[in-house]
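Enquirer: What follows is a single structure, and I will ask about it in a moment.
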Amino acid sequence: MKSRVGWNAFPGCVALAIVVSIVPLPARPQGKTSGREWPVAEPTAVGLDSGALGALDVDIAAGKYGLVDSLLIIRDGKQAQARSYAHDYGRIYGELAKHEGPLNHDVSGPYNYFSAEFHPYYQHSDLHTMQSVSKTVTSITIGIAMSRKEFPADLDAPILKYFDDYKIANLDERKRRITLRNLLTMTAGLEWNEDLPYNDPKNSADVMEATHDWVQYVINQPMAAEPGKVFAYSSGVTQLLSHIFKKATGKSVDEYAAQSLFQPLGIRYHWKHSPTGLPDTEGGLYISSASLAKIGFLFLKNGMWEGRQIVPAEWVKASVVSAMSVEDEGRHWGYGFQWWLQPWGKSPGKFAWAARGFGGQELRVVPEYNLIVVLTGWDILPSAAEPRHDELERVIAAVKKTAP
């Protein structure tokens with residue numbers, strides 16, 4: 001399993017083209033961001049240690065956590081801390097933006113991951129690239145559509161009926177048994193490798209993004225395992241969900257999400273499309289940090305938003321139940337329906353619900369403490385010093401256990 005930061009990060013799409021050692025400069029703290037979308041409370045008013053949170057803010061601004069763009073902490077539905085950190089990405093990545101490579105298949109467009117026009121902010125707005133958090137939002141959208149009978153699919157029915165118009169290579173009985181559940185839980189069994197360095201020409205996610213028809217590339221892959229038996233993180237299988245959703249509903253995932261998820265929550269967004277016009281469900285979403293926190297709060301409240309059931313409670317529950325265990329540095333993470341279950345604390349069985357994306361996009365929901373932690377960033381290249389990754393543990397440690 002890959003960690004949050006650049007060279008080893010979970011890609012929303014792809015990662016490293018060439019190995020370049022960049023030591024991030026300390027960021028300039030930008031002060032508190034606007035509290036328009038969340039009621040604001042002092043940390044102590046919601047049972048958080050302001051000194052501990054201040055120390056974390058100082059360390060982020062000093063560059064100890066790499067290229068972090070924002071930190072947002074929500075407790076009991078109130079904004080306890082909101083900080084942003086300025087980085088000159090045009091200077092940091094400007095030269096690399098001029099040259100084609102695995103992180104730059106599109107020098108003048110949105111698939112140039114070094115372009116300051118598109119990364120990390122969409123055309124210099126407050127809409128931040130979410131990368132693989134797009135996978136989580138795709139899963140949520142599928143759950144909504146299924147509950148409304150507008151996606152009349154059985155999670156355990158084979159998916160190949162949605163590919164009648166494709167000539168599929170490497171077709172065998174195992175491939176015929178792939179289900180929607182297998183795609184949602186990254187257990188499709190298709191041959192896929194995103195564990196390689198991203199300058200390796202065999203990296204599957206990078207090769208996919210270099211093709212015109214991503215869906216064709218993915219569905220053509222040979223089988224490496226029986227569906228449902230082996231976890232293999234795959235941006236490709238989430239892109240298959242984009243195709244299946246369109247075939248099943250007649251609508252694109254982004255269109256449906258706009259109506260059924262973003263509009264009720266008051267979320268502004270931009271969503272990139274693949275070369276064939278399908279929404280990039282593996283990494284194309286842009287929203288703000290405050291909007292990402294809304295998605296976390298929606299799940300914290302079992303799919304309810306302002307008295308309205310947006311996501312079925314049953315889908316929320318199923319999404320954050322681990323279907324597979326994934327080991328990372330001696331700890332066992334879980335994986336549900338495009339949600340990570342991140343272990344925390346010393347006791348086994350304690351998990352934060354996490355949506356994670358390449359470059360430092362992190363949503364963590366800690367139900368035990370009614371706590372949401374959001375980070376965004378654009379740490380896509382390796383640095384001389386490995387950044388810290390303990391921000392969630394530090395925020396949890398700031399919870400005053402005597403607080404209501």
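The values are calculated or read from the model by the stated rules, or taken from the named source; none is laboratory data. Note that the coordinates shown come from a computational prediction; the quantities given were computed from them, not determined experimentally. Cβ placement follows ideal geometry from the backbone for every residue including glycine, while neighbour counts extend to all protein chains displayed.
Enquirer: With respect to GLY359, determine if the residue is touching a Pro at 6+ places or on another chain (Cβ under 7 Å), in a loop (DSSP other than H, G, I, E, B) and modelled with pLDDT under 95. So that I can check it myself, show each step before the final result.
Expert: Values: touching a Pro at 6+ places or on another chain (Cβ under 7 Å): yes; in a loop (DSSP other than H, G, I, E, B): yes; modelled with pLDDT under 95: yes.
Answer is yes for this residue.
Enquirer: Here's a follow-up. Does region 174-189 contain any residue that is hydroxyl-bearing (Ser, Thr, Tyr), touching an Asp or Glu at 6+ places or on another chain (Cβ under 9 Å) and not in a loop (DSSP other than H, G, I, E, B)?
Expert: Within region 174-189 (the criterion being hydroxyl-bearing (Ser, Thr, Tyr), touching an Asp or Glu at 6+ places or on another chain (Cβ under 9 Å) and not in a loop (DSSP other than H, G, I, E, B)), the answer is yes, since at least one residue qualifies.
Enquirer: Same structure again: Spot the failing condition for LEU103; the list is (1) modelled with pLDDT of 95 or more; (2) under 30 Å from TYR65 (Cα atoms); (3) surrounded by 23 or more Cβ atoms within 10 Å (Cβ to Cβ), and only one is missed.
Expert: Of everything listed in (1) modelled with pLDDT of 95 or more; (2) under 30 Å from TYR65 (Cα atoms); (3) surrounded by 23 or more Cβ atoms within 10 Å (Cβ to Cβ), LEU103 misses just condition (1).
Enquirer: Does region 277-299 contain any residue that is surrounded by fewer than 17 Cβ atoms within 10 Å (Cβ to Cβ), touching a Leu at 6+ places or on another chain (Cβ under 7 Å) and either in a loop (DSSP other than H, G, I, E, B) or not basic (Lys, Arg) (or both)?
Expert: no
Enquirer: Further question: Which of the residues belonging to region 313-355 are in a strand (DSSP E or B), buried (at least 20 other Cβ atoms within 10 Å of the Cβ) and either of a type in the set (Ser, Thr, Tyr) or at pLDDT below 95 (or both)?
Expert: Result: TYR335, single match.
Enquirer: Return yes or no: is VAL316 within 19 Å of MET130 (Cβ to Cβ) and under 20 Å from the mean Cα position of the chain (by Cα)?
Expert: Considered against the rule, which asks whether it is within 19 Å of MET130 (Cβ to Cβ) and under 20 Å from the mean Cα position of the chain (by Cα), VAL316 comes out as no.
Enquirer: Among the listed residues ASP165, ASP154, identify the single one that is in contact with a strand residue (DSSP E or B) (Cβ under 9 Å, 6 or more places away or on another chain), on the phi < 0 side of the Ramachandran plot and at pLDDT below 95.
Expert: Answer to the check: ASP154.
Enquirer: If you don't mind, another one. From the list THR141, THR136, pick out the single residue that is among the β-branched types (Val, Ile, Thr), crowded, with 19+ Cβ neighbours inside 10 Å, part of a helix (DSSP H, G or I) and out of contact with any helix residue (DSSP H, G or I) (no Cβ under 6 Å at 6 or more places or on another chain).
Expert: One residue alone meets the criteria, THR136.
Enquirer: Continuing with the same structure: Kindly indicate the residue of region 83-115 that is more than 20 Å from the chain's Cα centre (by Cα) and of a type in the set (A, V, I, L, M) and also nearest to GLY54 (Cα to Cα) among those meeting that condition.
Expert: Across region 83-115, the extreme among qualifying residues is ALA86.
Enquirer: Do we find a residue being under 28 Å from ASN112 (Cα atoms), in a loop (DSSP other than H, G, I, E, B) and at pLDDT 95 or above anywhere in region 235-256?
Expert: Yes: one or more hits.
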